[in-house]
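Report on the structure given below.
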Amino acid sequence: MGGIVGGRKSAVMPGLDVAEMQAWENFLDAALRIYGSLNRTLSDSHKLTLVDVRLLDILDKSETGSTRMGDLAEQLLSLPSRVTRQIRRLEDAGLVQREASPEDGRGVLASITEKGRNVVAEAMQTYAGAVRERFIGPLTRPQIAAMGENCRRLSAAVKTNGAPGKTGRR
């Protein structure tokens, strides 16, 4: 343990007091457990990861059923190389296809197939049920509203501060 931060005893992480450290650890623990649980449920039920379902959902909801690969990487907060590998796996499963962009010929579009639309519709039912059970269920309506607002604020702060949004190695 360190010294005193803001009049309170500091925690193990430099610059954070005990209450701040506990809040961070609780958030991180809950986020990782929920993510892992949703991922396992989708994988067991549909042989898809949570990120696969999000990618297919983005394509399914797009006006044309297609999105540029770079735009997918941005929306998924992922590296383009990671999205390329993910698309390759989904393409092998017949859920998406890749094609050159008709607009410039240089860009690559990922498009959802009819099989992909059917699979994501089923997976979204499983996903919604798991979110309700593991995230919504344990909270009251006011707690859900507060959680939503707090997460919106955190996301906006990260975007505003220009922190990198992509995950993984550079």
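The values are calculated or read from the model by the stated rules, or taken from the named source; none is laboratory data. Just so it is clear, the model here is predicted, and its values are computed rather than measured. Positions of Cβ are generated from backbone atoms using ideal geometry, with glycine treated the same way; all protein chains shown enter the neighbour counts. Protein only, heavy atoms only, side chains kept; ligands, DNA and RNA dropped before computing areas. Shrake-Rupley method; radii C 1.70, N 1.55, O 1.52, S 1.80 Å.
Here residue 35 fulfils each of the conditions (1) in a strand (DSSP E or B); (2) open to solvent by 90 Å² or more (accessible area, probe 1.4 Å) apart from (1). Annotation note: Cβ proximity below 7 Å between a residue of segment 58-70 that is small (Gly, Ala, Ser) and a residue that is not in a helix (DSSP H, G or I) (sequence gap 6+ or interchain) occurs for 65/111; 65/112; 66/109; 66/110; 66/111.
Scanning segment 38-64 for residues that are in contact with a helix residue (DSSP H, G or I) (Cβ under 6 Å, 6 or more places away or on another chain) and among the small types (Gly, Ala, Ser) turns up just one, 45. When segment 100-114 is filtered for residues that are in contact with a Leu (Cβ under 8 Å, 6 or more places away or on another chain) and touching a residue at least 24 places away in the same chain (Cβ under 8 Å), the ones remaining, listed by number, are 101, 110, 111, 112.
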